[in-house]
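Scroll down for the structure; my scribbles are underneath it.
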Amino acid sequence: MAGDELMPPQRSHRTRKSGPTMRKKSEIDKKKRGVSDNKQQNPRAFAVKSGVKAKRLQARSAEKEQKRIHLPTIDRTYGEPPPFVIVVQGPPGVGKSLVIKSLVKHFTHQNLPEVRGPITIVSGKHKRIQFVECPNDINGMVDCAKVADLALLLIDGSYGFEMETFEFLNIMQVHGFPKVMGVLTHLDKFKDVKKLRKTKQRLKHRFWTEIYSGAKLFYLSGLIHGKYSQREVLNLARFVSVIKFHPLKWRTSHPYVLADRLEDVTPPEKVQMDKKCDRNITLYGYLRGCNLKKGMKVHIAGVGDYSLAGVTVLPDPCPLPSAAKKKGLRDKEKLFYAPMSGIGDLLYDKDAVYININDHLVQYSKTDDGTEEPTNKGKGRDVGEDLVKSLQNTKYSVDEKLEKTFINLFGKKTSASSERKLEAEDADLSSPEGSDTESSKESQSGDDSDDDERNDSKIKQKTEIHGGRMRRKAIFKDEVGQSDAMVRNKNPNLMQIVYGASGSSATALINETSDDEESDNEEFFKPKGEQSKNIGGGSDVGYVNSEDCSKFVSYGNLKNWKEKEVCECIRDRFTTGDWSKAALRNQNSGAGDDGEDDELYGDFEDVETGEKHHNPENMESGANQNEDAEAIERRLKKLALRAKFEAEYPFLPASFNLFNNKSGLDEGDDDEGGGNNPDNSQAKEPGYLEKLKEELEIRRQKNFLELNDLDEDTRIEIEGFRTGTYLRLEIHNVPYEMVDFFDPSYPVLVGGIGYGEDNAGYMQARLKKHRWHKKVLKTRDPIIVSIGWRRYQTIPVYAIEDRNGRHRMLKYTPEHMHCLAMFWGPLVPPNTGFVAFQHLSSNQAGFRITATSVVMEFNHQTRIAKKIKLVGHPCKIKKNTAFIKDMFTSDLEIARFEGSSVRTVSGIRGQVKKAAKNMLENNAQDGIVRCTFEDQIKMSDIVFLRAWTTVEVPKFYNPLTTALQPRDKTWTGMKTFRELRIEHNIPIPVNKDSLYKKIERKEKKKFNPLVIPKKLQAALPFKSKPKDVPGRKRPTLDSRRAVVMDPEQRKAHAILQHYQLINKIKTNTRKAKEKEKRKVHQAQKAKNEIISKKRNREERRERYRTEDKEKKKKMRRSED
Amino acid sequence: MGKIAFKRVKGSKSLRQRLLLSALSLKPIIIDEIRADDMIPGLRPHEMSLIRLFDAVSDDSIIEVNETGTQLKYKPGTIMGGKNLVHNCALSRSIGYYLEPLIVLGIFGKKPLSIRLRGITNDPKDPSVDTFRSTTLHILKRFGVPAEGLELKIEARGVAPDGGGEVLLTIPNAQRLTAVHWEDEGMVTRIRGVTFSAKVSTDFEHSMRYAARGIFNNLLPDVHISEDHRYGPPAGKSPGYGISLVAETTSGCFISADTAVSWGRTDETGELDVEKEKRNPAEDTGAETASWLLQEIEKGGVVDSTHQGLLFLLCALCDNDVSKVRVGTLSPYAVETLRNIKEFLGVTFALKPDQETGTVALICTGIGRGDLFRKMS
């Protein structure tokens, strides 16, 4: 950095000492430090007076604190993280691509002609981001929401929010809600500043209600030269690059790849034969989520489930810059990869690198056929071109060819066979560098039965890179220490014996006869076949059917443990023995295992790739040889603390990186002495949460260390492909439509399927109709759900849980309430959210999301019930017993309902007894039941039996195949009843009996008055005789009496009367007065109004006139 | 996905594990050629009984056996668990045979499992119920299975040929199994054991104990072997005696050995089991079992050879973290387990043999089979 010294010294940054910026900054600073110095006006007023209150306050604050805490999750990603996906979403015409272009330009200084597919860029020293433009149809939005780490929601400020934004937000919310930032565009359409400000405010608050108050909303004020202003883009880029992502549950438990490249690798002749044949495709992309295990099935969104035919790790097309200490990125490192947009010039395939050269740049020195068209493919052939082509056509590199010769060394297998082997290997997973001697050797050894033959005269290659030149060192096996070779071979051998090629003799290992250590080593593993032969057991079939027994006992060759010397050999395994020796043994296996491992796997140089594999512990293992398990534990704790500290203060210079191999560990030790930051963080809060976090971190470190010990192949075998690697996924037998209708502007999402998730079953979900969807949902109307990685159509049955735990079917979802939904489909783990749609077409009015929901459990049976009412009529009545017909059709049915209660319309209750086949003399009819009632019923009665019946949930689900048709076509699946009715013009069936009618009742019969004959009257006793009381002619005494008052009474009465009179008069006069007043006021008001109206009109007229004049003036001026 | 893709395997080999792994991984299987060339082809009574047991604890599983019993089709359903279940085990194998898969199944059920198993409790072929109590349940605890509710109660002893034993097994549900780093085998601090005699004199027990102690005396003073003499109904229907020994180490490992002696059971062919013809005297039985325990200790590892398979299975089923365990020489059953695990769960173990101690360190990452079936609270 000599250049730097020559440069004039830069002026240091002058911090603001006053003004609004300073105030704001100091406030933020204070908030960060937790200092609040806003002086209370009257501190005594807010002092704690009541102990109860104080306690309550404390409890409240503690509760709030606890609510803030989340269960820590373990982060199982090691190594470089994949680029973060930034989805740019918005309604059409809002400027999505322009935002991406501007950001790409800002980060890489390159112009992007068009935005198609994911665009990966290196945005910082430790950070890569991938931009994806969200297409406007609902399928694309769903897929984007599933992969987004950050969503930029673009909103047309001049128009306001559109439904797409809210739909996307809702989709994201159910799929785990990644980070969201709003961006307002088209703000230059506002001329009025005040209106602009108002609009911003309004939109911001609306945005906040939807996400959380304080959510970031950006304003892009306008275009300059067809681009957003640089300043604003810079701000946006800063916000984008500092955002932190939190793990989402579904994604951390499922691997997924957002493909940024798709190739059709079907043999061309096959395609020529049949254009519609199933294709083989390869998809490329960064692995995200969790590790992809071998043999995992994947779901390609919009296509279906496939098993991976091959997975290959490719070198990163957009690698992070080297870790050298420097500030910022060099221009060279500002990489940028967008194969679908046709930008990246280099394409790395598994065994080839393609260089994209624009057609006009291709020039041949001389063309054979004289036509000056240099870019024709396949017509004219030049010798040189031929030569080049032939060179290009070689399938294998020089190394591999060499190896072929090596393979020819032993055995008469021709090169063809070796080539086949190589191909097989290719199909396998191999390291990116094509040739690897080691692995080929291994694959060989799988076939070879005898290892000894290999050992004697073998030449190994050792490829290293020295000063830019590749040197292949020939190593004779003999040179290598024999014992070392043995030890090294042991490991793959044991794995091979256990997991060995199934074709070879299935070998199990038995170590039964072993008295001394030496023979143990030699016959450590003995093929099962031999053993069975020894026993005399028979053939292969017998082996297949061998007994299933976990105990493996053969007492025949037990040692005589009664002898002292025999006992002595295991003396140290007992507490009575030598503890130090036992500790050594444990150390060897436990902690000290590493010490031994160092010899085995430690710091060896990989012969195939020429790169050195350092073990992180390796370097210090010499020092740590004597460390016991506790020390390791301590070290791990230390590491954990460090990591935690780093996570808390990510902006500190990353002096320590876990993945800086051993230096990290060393530094960790150093730092422990000097800086005491980690201790501080621990001392602050040694709560349960901290402990839990620490535990998880230790676990993480342990995982990392264990895995680091393994060599690359085994590691992939055990933990799968790591996240962040660039993978090439080969998938066979994909419908040709996927290739034909491939549209790069739609994301290709490849998601891994977890255990049991490819099985279909009944799922029970808690569902709520979206409050913006106009209509309620109907049971058995197909809906389209997006759940997990999948999208499919299914038929739900809605239900609600009664108080007794019964799930009662609902015909329609409740308006504003949750209900249960039961449907059939591929299973997902409980707690997975999903979103439902009715139609996918883009030209729908209104809100397309019909419901949001979360899966609660899955079952293999449904428990939904609905009411059923069986109706019967009596056919014979004997006292309280009646025989009911029409209720059941068979005696079997009756048997099912024995003992259940019945009721007549009139309310007489009864019970079902038995089928009455034999009791009725002549009737041979089935389904007549004997019931008893609490009273005799009538023949005209109707008997009801009220019961519950289970509801079948249709076993139907239909995966959406939106990627197998042109993207602009809407996918149609099963139609709803309503649609079918409309299509076929079928009226809604009406059951006449179910219609409500006016109840017409017969008028009650009027009876004549009762007449009792005179004769009878006379005979009746007095009590029952009708009494004939004649009407009174004279008034009663009561009504006739006169009231005479006392003089005092009279006085009081008079006074009361006077008062009432006075009061009446008073109120009357007051009312009259008020009326008059009101009249006057009204008149005055009317007058005033007229005046003000007049004045206003004049005023306005005046103003308009002047304005018009000015305008005219301006016009005139401008014309001039 | 409309059609069910069955996984096809052959032979009656490791039927238990195949069924278990199929149930856990929800992969339907077809087992062909089950003893197709045998004199008596098809499934044995104990295998049929096992299938019934699987059906009892799960819901909606589909089991089809063809007429000769040489083909078994199994489509797993939901593992339910449940209370008050009763299963009569076939007498051709002891209860240990059924317990081994059942405990794993129980952990991953929807509800805690509580089941009463009737049959033979002790048998030389399978681990005895005493061993389960003393060793196997401890291994489960290592993986984070809650200790409360994890119990095996021996209500009645029963030996071959007529059985009559009864055990009550309760297994709680585990939210998830935690990965283990279990390499330190420690040193044997104490040896515990239990002898039992059913319908025979306690003299047998005394002599077994005496003989076993005689062997341990050279090495360790802390040896306690308790007695369990049964008579009447809790003694089952056949006479027999047996011993189960456990060595406990400083690092909490349990290494066990057991055996039982009884009348031989008649095979389906009508002949007596050949090996059962000669019965050892009680002293020899005690000495043999004790020697076997020492042999197991000599082999090293954190579990004995009988429990290797279970250990690997649990490792493969735990969280997505790395487990590392150390065992002695791999037993054939363990190897078979490793293969089956790879076939069904796709989990490969890295094996690192340790030459000095003759042990093998195994490393794997679990599949994280969490609470797939659990109901959301």
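The values are calculated or read from the model by the stated rules, or taken from the named source; none is laboratory data. Everything numeric in this text was worked out from a predicted model, so none of it was measured. With ideal geometry, Cβ positions are generated from the backbone for all residues, glycine too; neighbour counts draw on all protein chains shown.
Put simply, of A:Ala916, A:Ala845, A:Ala882 the only residue that is farther than 22 Å from A:Phe977 by Cβ, of a type in the set (A, V, I, L, M) and modelled with pLDDT under 90 is A:Ala916. Exactly one residue out of A:Val871, A:Val854 is more than 14 Å from every other protein chain (Cβ to nearest Cβ) and either touching a residue at least 40 places away in the same chain (Cβ under 8 Å) or assigned to a loop (DSSP other than H, G, I, E, B) (or both), and it is A:Val871.
Can you say whether A:Lys1015 is more than 26 Å from A:Thr779 (Cβ to Cβ), over 60 Å from the mean Cα position of the chain (by Cα) and assigned to a loop (DSSP other than H, G, I, E, B), as far as the supplied structure shows? No; evaluated as a whole, the condition is false for this residue.
Here B:Asn218 passes the criteria (1) within 14 Å of another protein chain (Cβ to nearest Cβ); (2) within 25 Å of B:His138 (Cβ to Cβ) except the one numbered (2). Would you be able to say whether some residue in region B:4-11 is over 29 Å from A:Trp824 (Cβ atoms) and either among the aliphatic types (A, V, I, L, M) or at pLDDT 90 or above (or both)? No, region B:4-11 contains no residue that is over 29 Å from A:Trp824 (Cβ atoms) and either among the aliphatic types (A, V, I, L, M) or at pLDDT 90 or above (or both).
Would you be able to say whether some residue in region B:286-296 is free of Cβ contacts under 8 Å to residues at least 60 places away in the same chain, more than 9 Å from chain A (Cβ to nearest Cβ) and touching a helix residue (DSSP H, G or I) at 6+ places or on another chain (Cβ under 9 Å)? Break it down into steps so the answer makes sense when it comes.
So the first thing to find is which residues in region B:286-296 are free of Cβ contacts under 8 Å to residues at least 60 places away in the same chain, and the list is B:288, B:292, B:295-296.
In the following step, the residues that additionally are more than 9 Å from chain A (Cβ to nearest Cβ) were identified as B:296.
Cutting the leftovers down to touching a helix residue (DSSP H, G or I) at 6+ places or on another chain (Cβ under 9 Å) gives us B:296.
Within region B:286-296, one or more residues are free of Cβ contacts under 8 Å to residues at least 60 places away in the same chain, more than 9 Å from chain A (Cβ to nearest Cβ) and touching a helix residue (DSSP H, G or I) at 6+ places or on another chain (Cβ under 9 Å).
Residue-by-condition table, conditions (1) assigned to a loop (DSSP other than H, G, I, E, B); (2) not basic (Lys, Arg):
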| site | (1), (2) |
| --- | --- |
| A:Glu952 | yes, yes |
| A:Lys955 | yes, no |
| A:Asp993 | no, yes |
| A:Ile999 | yes, yes |
| A:Lys1027 | yes, no |
| A:Gly1031 | yes, yes |
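Check region B:110-117 and report whether any residue there is within 14 Å of chain A (Cβ to nearest Cβ), modelled with pLDDT under 90 and surrounded by fewer than 23 Cβ atoms within 10 Å (Cβ to Cβ). Yes, region B:110-117 contains a residue that is within 14 Å of chain A (Cβ to nearest Cβ), modelled with pLDDT under 90 and surrounded by fewer than 23 Cβ atoms within 10 Å (Cβ to Cβ).
Looking at region B:325-339 only, could you name the residues that are in contact with a strand residue (DSSP E or B) (Cβ under 9 Å, 6 or more places away or on another chain) and in contact (Cβ under 8 Å) with a residue 40 or more places away in the chain? Talk me through it step by step, then tell me what you get.
Filtering region B:325-339 for residues in contact with a strand residue (DSSP E or B) (Cβ under 9 Å, 6 or more places away or on another chain) gives B:325-330, B:334, B:338.
If the condition is that a residue be in contact with a strand residue (DSSP E or B) (Cβ under 9 Å, 6 or more places away or on another chain) and in contact (Cβ under 8 Å) with a residue 40 or more places away in the chain, then B:Val325, B:Arg326 are the ones that fit.
In this structure, is B:Val57 away from every other protein chain (no Cβ under 11 Å), touching a Gly at 6+ places or on another chain (Cβ under 7 Å) and under 30 Å from A:Pro826 (Cα atoms)? So B:Val57 fits the description; yes.
Taken over region B:1-19, the residue count meeting the criterion of being under 16 Å from B:Met48 (Cβ atoms) and either within 9 Å of chain A (Cβ to nearest Cβ) or out of contact with any strand residue (DSSP E or B) (no Cβ under 7 Å at 6 or more places or on another chain) (or both) is 3.
Might you let me know whether region B:324-337 holds any residue that is more than 8 Å from chain A (Cβ to nearest Cβ), part of a strand (DSSP E or B) and either closer than 28 Å to B:Leu245 by Cα or in contact with a helix residue (DSSP H, G or I) (Cβ under 7 Å, 6 or more places away or on another chain) (or both)?
Here is the first cut: in region B:324-337, the ones more than 8 Å from chain A (Cβ to nearest Cβ) are B:325, B:327-328, B:334, B:337.
Narrowing further to those that are part of a strand (DSSP E or B): B:325, B:327.
So of that shortlist, the ones also either closer than 28 Å to B:Leu245 by Cα or in contact with a helix residue (DSSP H, G or I) (Cβ under 7 Å, 6 or more places away or on another chain) (or both) come out as B:325, B:327.
Checked region B:324-337: at least one residue is more than 8 Å from chain A (Cβ to nearest Cβ), part of a strand (DSSP E or B) and either closer than 28 Å to B:Leu245 by Cα or in contact with a helix residue (DSSP H, G or I) (Cβ under 7 Å, 6 or more places away or on another chain) (or both).
Pairing each residue of region A:737-765 that is away from chain B (no Cβ under 14 Å) and farther than 19 Å from A:Thr723 by Cβ with any residue that is crowded, with 22+ Cβ neighbours inside 10 Å and of a type in the set (Gly, Ala, Ser), provided the two are 6+ apart or on different chains, yields C-beta distances under 6 Å for A:Met738/A:Ala963; A:Pro744/A:Gly117; A:Tyr746/A:Gly140.
Scanning region B:122-148 for residues that are part of a helix (DSSP H, G or I) and of a type outside the set (Ser, Thr, Tyr) yields B:Val129, B:Asp130, B:Phe132, B:Arg133, B:Leu137, B:His138, B:Ile139, B:Leu140, B:Lys141, B:Arg142. Scanning region A:211-252 for residues being of a type in the set (D, E, K, R), in contact (Cβ under 8 Å) with a residue 24 or more places away in the chain and crowded, with 17+ Cβ neighbours inside 10 Å gives a total of 1. With the condition kept exactly as written, say whether any residue in region B:130-143 is at positive phi and under 16 Å from the mean Cα position of the chain (by Cα). Checked against the condition, which is being at positive phi and under 16 Å from the mean Cα position of the chain (by Cα), region B:130-143 yields no hits at all.
For B:Leu177, indicate whether it is touching a residue at least 12 places away in the same chain (Cβ under 8 Å) and away from chain A (no Cβ under 14 Å). Steps first, please.
Working: touching a residue at least 12 places away in the same chain (Cβ under 8 Å): yes; away from chain A (no Cβ under 14 Å): no.
No, not satisfied.
For region B:188-204, name all the residues that are more than 24 Å from the chain's Cα centre (by Cα) and either outside any loop (DSSP other than H, G, I, E, B) or crowded, with 22+ Cβ neighbours inside 10 Å (or both).
Our first condition is that a residue be more than 24 Å from the chain's Cα centre (by Cα); within region B:188-204, this holds for B:189, B:199-204.
Result: B:Thr189, B:Asp203, B:Phe204.
Looking at A:Arg771, A:Arg699, A:Arg722, A:Arg728, just one residue is within 11 Å of another protein chain (Cβ to nearest Cβ) and either among the charged types (D, E, K, R) or in contact with a helix residue (DSSP H, G or I) (Cβ under 8 Å, 6 or more places away or on another chain) (or both), and that residue is A:Arg699.
Let's see how each residue does on (1) among the charged types (D, E, K, R); (2) surrounded by 14 or more Cβ atoms within 10 Å (Cβ to Cβ); (3) in contact with a strand residue (DSSP E or B) (Cβ under 7 Å, 6 or more places away or on another chain):
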position: A:Val871; (1), (2), (3): no, no, yes
position: A:Lys876; (1), (2), (3): yes, yes, yes
position: A:Lys879; (1), (2), (3): yes, no, no
position: A:Phe883; (1), (2), (3): no, yes, yes
position: A:Asp886; (1), (2), (3): yes, yes, yes
position: A:Asp891; (1), (2), (3): yes, yes, yes
position: A:Arg903; (1), (2), (3): yes, yes, yes
position: A:Ser906; (1), (2), (3): no, no, no
position: A:Arg909; (1), (2), (3): yes, no, yes
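The residues of region B:35-54 that are at the interface with chain A (Cβ under 10 Å from one of its Cβ atoms) and closer than 12 Å to B:Tyr74 by Cβ, listed by number, are B:Glu47, B:Leu50. The set of residues in region A:557-591 being buried (at least 19 other Cβ atoms within 10 Å of the Cβ), more than 7 Å from chain B (Cβ to nearest Cβ) and either outside any loop (DSSP other than H, G, I, E, B) or modelled with pLDDT of 80 or more (or both) consists of A:Gln587 alone. Looking across region B:39-51, just one residue is touching a strand residue (DSSP E or B) at 6+ places or on another chain (Cβ under 7 Å) and part of a helix (DSSP H, G or I), and that is B:Ile51. Just a yes or no: is a residue in region B:135-155 out of contact with any helix residue (DSSP H, G or I) (no Cβ under 8 Å at 6 or more places or on another chain), among the basic types (Lys, Arg) and within 14 Å of another protein chain (Cβ to nearest Cβ)? Looking through region B:135-155, none of the residues is out of contact with any helix residue (DSSP H, G or I) (no Cβ under 8 Å at 6 or more places or on another chain), among the basic types (Lys, Arg) and within 14 Å of another protein chain (Cβ to nearest Cβ).
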